[in-house]
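Notes for the one structure printed next.
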Amino acid sequence: FEAMTVPEGHYFVLGDNRDNSADSRYIGVIAREKLIGRATRVLVSADITDRWQPRWQRWLSPLI
């Protein structure tokens, strides 16, 4: 993926499944007026290296 400059008033969004997400790497940047919400918490988290076991300590934890 090549470096790019995100224009003012736009956002570069990434999905949480790096290898299989339809995000800004494929659809481009998103204009601010198209966004309808803000992510604030982790809903569900699992450890893919441990048979998809839940990571309970991350469930519903704040993103910032």
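Computed from the coordinates by the stated procedures, all read-outs in this text should not be read as laboratory data. This structure is a prediction, so every number in the text was calculated from the model and none was measured. Every residue, glycine among them, receives a Cβ derived from its backbone with ideal geometry; neighbour counts consider all protein chains shown.
Considering region 1-26, and only residues there that are touching a residue at least 24 places away in the same chain (Cβ under 8 Å) and under 14 Å from the mean Cα position of the chain (by Cα), the residue that is nearest to residue 61 (Cα to Cα) turns out to be 11. Beta carbons closer than 7 Å, at least 6 apart along the sequence or on distinct chains, pair a first residue in region 27-42 that is free of Cβ contacts under 8 Å to residues at least 24 places away in the same chain with a second that is surrounded by 11 or more Cβ atoms within 10 Å (Cβ to Cβ) and polar (S, T, N, Q) for 30/24; 41/61; 42/61.
Any residue at all in region 14-30 that's out of contact with any Pro (no Cβ under 7 Å at 6 or more places or on another chain), basic (Lys, Arg), outside any helix (DSSP H, G or I) and loosely packed, with under 11 Cβ neighbours inside 10 Å? Write out each step before concluding.
Initially, region 14-30 is screened for residues out of contact with any Pro (no Cβ under 7 Å at 6 or more places or on another chain), giving 14-28, 30.
Now restrict to residues that are basic (Lys, Arg): 18, 25.
Now narrow it down to the ones that are outside any helix (DSSP H, G or I): none.
So far as region 14-30 goes, no, none of its residues is out of contact with any Pro (no Cβ under 7 Å at 6 or more places or on another chain), basic (Lys, Arg), outside any helix (DSSP H, G or I) and loosely packed, with under 11 Cβ neighbours inside 10 Å.
Would you check which residues across region 31-64 are more than 24 Å from residue 9 (Cα to Cα) and in a helix (DSSP H, G or I) and list them? Correct list: 56, 57, 58. Name the single residue, out of those in region 31-63 being of a type in the set (Ser, Thr, Tyr) and surrounded by 10 or more Cβ atoms within 10 Å (Cβ to Cβ), that is farthest from the chain's Cα centre (by Cα). Among residues in region 31-63 that are of a type in the set (Ser, Thr, Tyr) and surrounded by 10 or more Cβ atoms within 10 Å (Cβ to Cβ), the one farthest from the chain's Cα centre (by Cα) is 61.
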